[in-house]
Amino acid sequence: MIYLDNNATTTIDPLVVDAMTQQWARGPFNPSSQHQLGQQASQQLDLALLEMGRCLNSDFTTPGGPRLIWTSGGTESNNLALAGLGDDPAAPLIVSRIEHPSVLRFAQLAEKSGRQVSYLNICSDGSVDLNHLQELLDAQHSLSPVVAVMSANNETGVIQPIEQLASLCRAAGALVHVDATQSIGKEPLDLATLPIDSLCFSAHKFHGPVGVGALWLGAGVNIRPHLIGGEQQLLSRPGTIPVPLAAGTAKALSLAVGNLSEHRATMVRLRDLLEQRLAAAIPPLVIHGVDAKRLPNTTCVSFPGTDRQSMLMALDMAGVCCSSGSACSSGSSPPSHVLLAMGCDDALVSSAIRFGVSRFSTTGDIDTAAERICLVHKRLTSR
Ligand code: PMP
């Protein structure tokens, strides 16, 4: 099997498994326990936090400074941020039309319950429309809104202009939440300089463990908890913190950012090779977001004249793992809300497939995958 679905999840780095195995061997570990073993666990958690701070350029040791809240992943962190950021639970929300369902569905439900929600338009290249953002900000007259935009899209890989967006929001007194689930560990990130209020991610997208992630909060940014329980994480997110998962996350992030430019170069080379091979053999192919800045590993390709479900099934049989848009919706496979928001027509939307390489992918993987994709395409279009 050739795994080209690294935007859905990644294989865990063996060095991360080693780091977590060492932690599990140390147990038991409840970092809130008063006894020596609890305190040892707490020290391991502090080490993980220190490493996270180093990777994100964020000092988590100063009281009143930025904070990192451990969660179960990007979905929970997005929910926590949208429900809990800002002084008022009824603060208006502005979300882009291409957000992950953990943001979009949250916004739709909040709207049904009476919260004011605005949807930010997308340009045809896949990036958010900053002129529209300014209009939406200008139209807010009362409470400061919470603006939620992803740093890079999970279907097209298009990188969003977060710095410009954040400056516009700051000037308008809006809070900014960034879903960095797809870009963290693949794009440089400096939280000491980015003018945002919160940011979230999942560890399994950068060769870390599944079931853990975090919500970063800027200095002085408060959050209302969405779970009720003990006093862990200053009441912001109650529940026993999984120390081995936190240690695994820190190890995975450190491995990802430690050699970022080398990993990026590998991924870009392989992604571009795949695109070149496919474009040469299949002339009507369309690469979405190709004119925008994209993640190094992602390509979203439409094969006009085919249907994405048949293509996916045939590719799976041929030993190539990929997906039609987001893994979170591919079970039911509705048309991609991302491509629709970019203004793509039905033929393009219904034939789009996403491929994602990783730093562990090889030239051999791409050669074989390209060959199989071309064969499958030929078979499906010559019926
Ligand atoms: N945001 C984005 C952009 C994602 O791609 C994903 C995962 N597909 C999530 C949030 C949710 O992450 P998780 O499923 O790990 O909670």
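At a glance:
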| read-out | value |
| --- | --- |
| Taking region 16-147 and dividing mean pair separation by its residue count, relative contact order in percent (alpha carbons under 8 Å, at least six apart) | 17 percent |
| Straight-distance crosslink candidates among aspartates and glutamates, where the alpha carbon sits under 18 Å from K186 and sequence neighbours closer than 8 are dropped | D5, D13, E51, E155, E163, E262, D272 |
| Among 211-221, 247-257, 271-281, 123-133, the order from most to least packed when residues are scored by Cβ within 10 Å on average | 247-257, 211-221, 123-133, 271-281 |
| Dipole of the chain, positive direction: furthest Cα of T249, S361, T181, with charges on the beta-carbon | S361 |
| The chain: relative contact order as a whole-number percent, Cα under 8 Å and 6+ apart | 23 percent |
| 0 to 90° range, to nearest 10: angle between helix 308-317 axis and the chain longest Cα axis | 90 degrees |
| Dmax and Rg, reported as Rg then Dmax, of region 24-71 (C-alpha, Å) | 12.0, 34 |
| Most to least packed among 293-299, 353-359, 177-183 [average Cβ atoms within 10 Å] | 177-183, 353-359, 293-299 |
| Value of Rg/Rh across region 47-177 [Cα atoms, Kirkwood radius] | 0.97 |
| Along each principal axis, Cα extent of region 236-298, largest first, Å | 54, 26, 19 |
| Fraction of the pair-distance distribution of region 214-258 above 14 Å, Cα-Cα pairs, percent | 61 percent |
| Fraction of the pair-distance distribution of region 288-383 above 19 Å, Cα-Cα pairs, percent | 41 percent |
| Whole-number D in µm² s⁻¹ for the chain, Kirkwood Cα-pair radius fed into Stokes-Einstein, 20 °C, 1.002 mPa s | 99 µm²/s |
| Test item: Cα-centred dipole of the chain, Lys/Arg +1 and Asp/Glu -1 on Cβ, debye | 620 debye |
| Accessible area in square angstrom per residue, the chain, 1.4 angstrom probe | 42 Å² |
| Descending principal axes extents, region 194-236, alpha-carbon based, whole Å | 31, 29, 13 |
| For A250, net neighbour charge (Lys/Arg +1, Asp/Glu -1) across residues whose Cβ lies under 10 Å away | +1 |
| Paramagnetic reach from R224 (point 7 Å along Cα→Cβ, amide N under 14 Å) across region 142-180 | 144, 146 |
| Carbon + sulfur, % of accessible area of region 1-118 - ligands and nucleic acids excluded, 1.4 Å | 54 percent |
| Using alpha-carbon coordinates, inclination of helix 260-281 to the longest axis of the chain, degrees | 20 degrees |
| Sequence ranges 5-14, 57-66, 195-204, ranked by mean other-Cβ count within 10 angstrom, highest first | 195-204, 5-14, 57-66 |
| Within the accessible area of region 242-383 (1.4 Å probe), percent carbon and sulfur | 55 percent |
| Residue (of Q22, L143, F60) at the positive-pole extreme of region 1-145, dipole from beta-carbon charges | Q22 |
| Tilt relative to the chain, helix 101-112 - C-alpha long axis, 0 to 90 degrees, to 10 | 70 degrees |
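The values are calculated or read from the model by the stated rules, or taken from the named source; none is laboratory data. What you see is a predicted model; the values in this text were computed from it and never measured. Positions of Cβ are backbone-derived with ideal geometry, glycine not excepted, and every protein chain shown enters the neighbour counts. Protein only, heavy atoms only, side chains kept; ligands, DNA and RNA dropped before computing areas. Shrake-Rupley method; radii C 1.70, N 1.55, O 1.52, S 1.80 Å.
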